[in-house]
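All remarks here apply to the structure that follows.
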Amino acid sequence: MAYASAFTRALLVAGCVGCLALGACARQQQDEMSWARAALERNDRVEIVATDPQARTFTVRSKDTGQLTIVHADQLIGSPTTAPLGSPAAGAAPAPTAAATAPAGTETEESSAKSAPAATAAEAANERGKEAAAPSPPPEPPVFASRALHPGSPARPVPGQILEAGPGYTIEAGSGPAAAPAAREPGASGAAVELRHEPIVCQGQRLLHIDNLNLQFEGDAVSAEDGCEIHITNSRIRATGVGVSARAANVHIDNSLIEGDAASIDASDGAQIYTASSRFRGLSRQLDTAAVHDLGGNVWN
């Protein structure tokens, strides 16, 4: 009886230990399933469709593709919760490595680096186009270069030398007589001769331009007085009296022929006469404060 009681107590102790072990195993499995489910629920890319506690598996659906996948609990325990799921049979597949994605990113960076210089060049070309299209200010009107023929003036200034400047005008020295062809006859040699009996008179603050005319006068030809300014270009003027008379006025003569039996030029009372590439036949008179400025290329006889 004593032996039987001892054996019975041993069986009871073994049964209790077995029950405790089975209970501990069940709790461990339950905890692993809870951990695995929590891990899946934290993954915002999948949705749990079904759970099999006996097989310790979960059936999940991918929110991106709708694909169903069976995942074992021991595949999720201790793994990152954000790992992407793989094929249905194999469970979770490994995520693409950084080495696999690096070439695509590198290629994109190289493409951006190559396209950057082209974009910069296009922007620079566009800026140059805008600058070229911007209207430029109108050029200043040309003014005859001259050299004053009065005591103290240099014998012949250097071509291009600025002799006088002021608001809106600049007077530069022109080339010497050698620059003009010797055989060239200035003036409108091809224009028909126009005979006039009265002189051309300009008085006061006026501007008169005589261009490409072939005029012949009985008596004096052109007279500028009291502040008038006359420009004679590409013309021929012949007179039985004075060709060009200037008194307290300004006269510019370029590529023209001035001929007068009494005088080709008569300047007085501070008159300023500028001549370039022209020919003068007859006496040239310059009185008191008047000045005749030779721009070069003139013939005096």
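Taking (1) out of contact with any His (no Cβ under 6 Å at 6 or more places or on another chain); (2) of a type outside the set (A, V, I, L, M); (3) more than 26 Å from Ile162 (Cα to Cα) in turn, Cys228 satisfies each apart from (3). Please indicate, with yes or no, whether at least one residue in the stretch 269-284 is among the hydrophobic types (A, V, I, L, M, F, W, C), touching a Gly at 6+ places or on another chain (Cβ under 8 Å) and within 17 Å of Leu208 (Cβ to Cβ). Within the stretch 269-284, not a single residue is among the hydrophobic types (A, V, I, L, M, F, W, C), touching a Gly at 6+ places or on another chain (Cβ under 8 Å) and within 17 Å of Leu208 (Cβ to Cβ). May I ask you to verify whether Ala248 is farther than 17 Å from Ala191 by Cβ, among the aliphatic types (A, V, I, L, M) and in the same structural domain as Ala191 (by TED's automatic domain parsing)? In short, yes. Looking only at residues in the stretch 206-234 that are under 14 Å from Ala271 (Cα atoms) and in a loop (DSSP other than H, G, I, E, B), which one is farthest from the chain's Cα centre (by Cα)? Once the filter is applied, the top-ranked residue is Asp226. In the stretch 222-243, the count of residues that are out of contact with any Cys (no Cβ under 8 Å at 6 or more places or on another chain), more than 20 Å from Ala191 (Cβ to Cβ) and surrounded by 23 or more Cβ atoms within 10 Å (Cβ to Cβ) is one or more. Mind checking which residues of the stretch 36-51 are under 13 Å from Lys63 (Cα atoms) and assigned to a helix (DSSP H, G or I)? Scanning the stretch 36-51 gives Leu40, Glu41. Checking each residue in the stretch 258-280 for being within 22 Å of Glu198 (Cβ to Cβ) and surrounded by fewer than 23 Cβ atoms within 10 Å (Cβ to Cβ) picks out Glu259, Asp261, Ala262, Ala263, Ser268.
The values are calculated or read from the model by the stated rules, or taken from the named source; none is laboratory data. All values reported here derive from a predicted model rather than from experimental measurement. Quick reminder, even Gly has a Cβ in these numbers, built from the backbone with ideal geometry, and neighbours come from all protein chains shown.
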